[in-house]
Amino acid sequence: MSSRSIITGIDIGTHFVKVVIANSDERNERGFPRIIGVGQAESRGLRHGYVTNLNEVTLSIAAAIEEAEKRAQVKIKRAFVSIGGIGLAGVTSTSAVIVSRGDQEISALDVKKLHDQCEKDIPPSASLNRKIIHNIPLQYKIDGKTVLGKPEGMKGSRMEVKMLYVTCLEQHLNDILQAVNEAGIKVQDVMAAPIAASLVTLSKSQKIAGCILANIGAETVSIAVFENNVPVSLEVFPIGSTDITNDIALGLKVPLEEAEQLKIGAISGTSYPRKKLEEIVEARLSDIFELIEAHLKKIGRNGLLPAGIIITGGGAGLGTIEDMAKAALKLPSRIGSITSSSGQADGSSGAGASNKQSYKDATWAVAYGLCIFGVNADGSDEDLPQAGMDFGKTFRQLGAWFKQFLP
């Protein structure tokens with residue numbers, strides 16, 4: 001296989017760094033690249049998704065890459081990287097401009113001018129110390145009437161746009177990029193972790209009807225709300241499944257290691273009061289769903305997403321989480337999974353067998369989603385973004401990308 005056909009996704013989470021290597025020359029039934037190797041390593045030097053020790057993060061990334069390279073039997077030099085953690089946020093901005101041409105035909109220059117104005121109109125409180133990593137057009141209007149599709153080539157005197165900007169703390173972004181670079185990997189592009197996960201955990205019909213993807217990680221809960229096949233809102237909360245472990249340790253007076261085993265159901269003896277354990281877990285899950293419900297109310301989508309909530313991440317394995325989500329949010333609820341199958345290479349190394357069991361759950365969704373993202377990305381080595389560059393100008397608009405790429 002050629003080096004051009006190799007696509008790598010690196011998901012830098014608070015608990016694990018996960019790496020997926022895929023071959024774009026071989027596709028599954030959905031047209032997605034076939035996974036040829038995966039690797040993971042315990043995340044060190046991170047807190048709530050931001051870097052606290054650059055050297056430790058670099059070592060964690062390098063360890064995960066080394067494992068994936070051994071399984072795939074290839075050497076990787078570049079990758080697509082996820083951005084997550086509490087530094088990630090979404091902000092909506094609306095702007096309008098007057099069409100410049102005398103015949104009132106909207107040109108590409110008018111659209112660019114509108115987008116530039118919309119970016120300038122982002123409230124200072126939402127843009128200070130932040131980089132824009134995605135700009136997603138949610139709605140265009142011409143002379144007050146909603147446009148279905150692209151406005152370019154249509155006629156009117158006044159054009160409006162509503163945009164979702166996904167932003168990240170500049171320092172956080174630069175630290176992550178520096179850690180990847182120091183691990184010997186060039187960063188081809190970055191993508192918000194919740195959006196990357198959606199590429200393999202949500203169907204097109206779910207995104208069109210309206211749904212919320214909730215990833216319950218170790219120290220954060222990230223949510224992305226979809227309608228009309230594009231993300232319309234994104235939020236990250238500084239709470240996660242580690243808080244449940246801590247609550248169990250305090251409530252039952254047990255060590256943290258034992259509390260973690262109790263949380264995931266690995267200990268099923270009668271020495272612990274089951275009812276009290278369930279009450280502790282449900283209390284913290286209630287806090288999480290209250291935050292999600294408050295956000296849905298803020299954007300006017302509470303109780304109005306027909307495809308419901310899809311739950312992923314390590315916290316998705318908690319026994320009663322589906323029922324609690326359904327009751328708290330008054331929406332359909334299910335546990336997410338990677339919706340596309342991905343076979344392994346038939347080789348003599350045995351790597352395929354070990355990989356086959358390791359990436360079936362949705363904890364690999366972000367890393368594999370980055371590979372899907374990479375299928376349509378320019379694979380050249382020219383102008384690869386590096387730490388400290390103005391990423392806001394290099395990242396693609398995702399609105400049209402979502403609508404034309406997913407099957």
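In the list Ile216, Ile195, which residue meets the criterion of being surrounded by 22 or more Cβ atoms within 10 Å (Cβ to Cβ), farther than 19 Å from Lys326 by Cβ and out of contact with any Asp or Glu (no Cβ under 8 Å at 6 or more places or on another chain)? Sole residue among the options that is surrounded by 22 or more Cβ atoms within 10 Å (Cβ to Cβ), farther than 19 Å from Lys326 by Cβ and out of contact with any Asp or Glu (no Cβ under 8 Å at 6 or more places or on another chain): Ile195.
Out of Val166, Val180, Val111, report the one residue that is over 24 Å from Asn229 (Cβ atoms) and surrounded by 18 or more Cβ atoms within 10 Å (Cβ to Cβ).
Working: Val166 fails: over 24 Å from Asn229 (Cβ atoms); Val111 fails: over 24 Å from Asn229 (Cβ atoms).
Among Val166, Val180, Val111, only Val180 is over 24 Å from Asn229 (Cβ atoms) and surrounded by 18 or more Cβ atoms within 10 Å (Cβ to Cβ).
Pairs meeting the criteria (first residue in segment 9-34 and part of a strand (DSSP E or B), second residue of a type in the set (Asp, Glu), beta carbons under 6 Å, at least 6 apart or on different chains) are Lys18/Asp11; Arg34/Glu26.
Would you say Leu128 is in the same structural domain as Ala108 (by TED's automatic domain parsing) and either closer than 13 Å to Thr94 by Cβ or modelled with pLDDT of 95 or more (or both)? Walk me through how you get there before you give the answer.
Working: in the same structural domain as Ala108 (by TED's automatic domain parsing): yes; either closer than 13 Å to Thr94 by Cβ or modelled with pLDDT of 95 or more (or both): no.
It is false that Leu128 is in the same structural domain as Ala108 (by TED's automatic domain parsing) and either closer than 13 Å to Thr94 by Cβ or modelled with pLDDT of 95 or more (or both).
Residues in segment 1-21 that are more than 18 Å from the chain's Cα centre (by Cα) and modelled with pLDDT of 90 or more: Ile6 alone. If you go through segment 83-139 and keep only what is hydroxyl-bearing (Ser, Thr, Tyr) and without any contact (Cβ under 8 Å) to a residue 12 or more places away in the chain, you end up with just Ser125. Determine if segment 163-171 includes at least one residue that is more than 30 Å from Ile12 (Cα to Cα) and part of a strand (DSSP E or B). Among the residues of segment 163-171, not one is more than 30 Å from Ile12 (Cα to Cα) and part of a strand (DSSP E or B), which makes the answer no. Among the residues making up segment 79-108, a single one is under 23 Å from the mean Cα position of the chain (by Cα), surrounded by fewer than 18 Cβ atoms within 10 Å (Cβ to Cβ) and of a type in the set (Ser, Thr, Tyr): Thr92. For Leu59, indicate whether it is in a helix (DSSP H, G or I), out of contact with any strand residue (DSSP E or B) (no Cβ under 6 Å at 6 or more places or on another chain) and within 29 Å of His172 (Cβ to Cβ). Judged against the criteria, Leu59 is a match.
Just one of the listed residues (Ile76, Ile133) is crowded, with 18+ Cβ neighbours inside 10 Å and either assigned to a loop (DSSP other than H, G, I, E, B) or in the same structural domain as Val366 (by TED's automatic domain parsing) (or both), and it is Ile76.
Taken over segment 16-47, the criterion of being more than 22 Å from Lys70 (Cα to Cα) and surrounded by fewer than 21 Cβ atoms within 10 Å (Cβ to Cβ) is satisfied by Asn28, Glu29, Arg30, Gly31, Gly45, Arg47.
The values are calculated or read from the model by the stated rules, or taken from the named source; none is laboratory data. Note that the coordinates shown come from a computational prediction; the quantities given were computed from them, not determined experimentally. Cβ: placed from backbone, ideal geometry, glycine included. Neighbour counts: every protein chain shown.
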